[in-house]
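These notes concern the structure reproduced below.
Every number in this text was worked out from the coordinates using simple rules, so none of it is lab data. No experiment lies behind these values; they were computed from the predicted model shown. Heads up, the Cβs are rebuilt from the backbone with ideal geometry, glycines too, and the neighbour counts pull from every protein chain shown.
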Amino acid sequence: MPVVHNRIMKTYYKRNLPHIQPPGATLFVTFRLFGSIPKRFLNELSIEHKNLNRLILKTWNRKSNEFTKYYNQQKRLIKKFDDYLHSEKTGLHFLKNESIAELVCSSMMFFDKERYDLLSYCVMSNHVHIVFTPLRINGEEYFALGDIMHSIKSYTAKEANKMLNRTGKPFWVIESFDHFCRDSAEVERVIEYVLNNPVNAGLVSSYDKWSWSYVKPDMFI
């Protein structure tokens, strides 16, 4: 499994939130439905996530205690975000629709081995987790996180809105929350977390009973 090397990180901004993509790193991304959580909670979360990403960039050094502190804080923040999505009952839950859930799963599988190595995903009622390693385009250039997510979200938004007879309404939130894995051990921990999302939400007794999740066959051999 890929390990993050101590090289310059690639960053980009989607509106105001910075996203970090170290070359060769495995990425853990959470994206959600538009209108799935109250704006007041999102604003608070976005500010904290933005500040942590900037501190991570500033202290980018694998031996730095400061970097490790901020990196771990970001992991806890993403779990807080995930827990809130699980508990939210009043927002939109379009992904309960099996046809839409299948659409999202198929879209994530479509670019596997073409733009990224897909390691795992889980589709919940109002959000999606995906773990992947972007592939090289040439030399040291990798497919960009922003482009990958745009491909998945733009296609599924268009097709899902057709299924729901919705016009002129956003389906996904533009922003995604992402976190890069520093080593292979963390990749495994993240995948276990993703697969156990429906278990932790009390929906199934074991991850293999959930229809809308995936793990690469050779991940845990």
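Identify, from the list Leu77, Leu95, Leu103, the residue that is under 21 Å from Tyr207 (Cβ atoms) and outside any loop (DSSP other than H, G, I, E, B).
Matching residue, one of Leu77, Leu95, Leu103: Leu95.
What number of residues within segment 106-151 are within 15 Å of Ile174 (Cβ to Cβ), surrounded by 22 or more Cβ atoms within 10 Å (Cβ to Cβ), among the hydrophobic types (A, V, I, L, M, F, W, C) and touching a residue at least 60 places away in the same chain (Cβ under 8 Å)?
Residues in segment 106-151 being within 15 Å of Ile174 (Cβ to Cβ), surrounded by 22 or more Cβ atoms within 10 Å (Cβ to Cβ), among the hydrophobic types (A, V, I, L, M, F, W, C) and touching a residue at least 60 places away in the same chain (Cβ under 8 Å): 2 in total.
Taking segment 186-211 as the search range and keeping residues that are more than 13 Å from Tyr121 (Cβ to Cβ) and crowded, with 19+ Cβ neighbours inside 10 Å, which one is farthest from the chain's Cα centre (by Cα)?
Top of the filtered list is Glu186.
With Arg166, Arg182 as the choices, which residue is surrounded by fewer than 16 Cβ atoms within 10 Å (Cβ to Cβ) and either over 27 Å from Lys39 (Cα atoms) or not β-branched (Val, Ile, Thr) (or both)?
Criteria check complete, one pass: Arg166.
Can Trp172 be described as crowded, with 16+ Cβ neighbours inside 10 Å and over 18 Å from the mean Cα position of the chain (by Cα)?
Taking the combined requirement at face value, the residue does not satisfy it.
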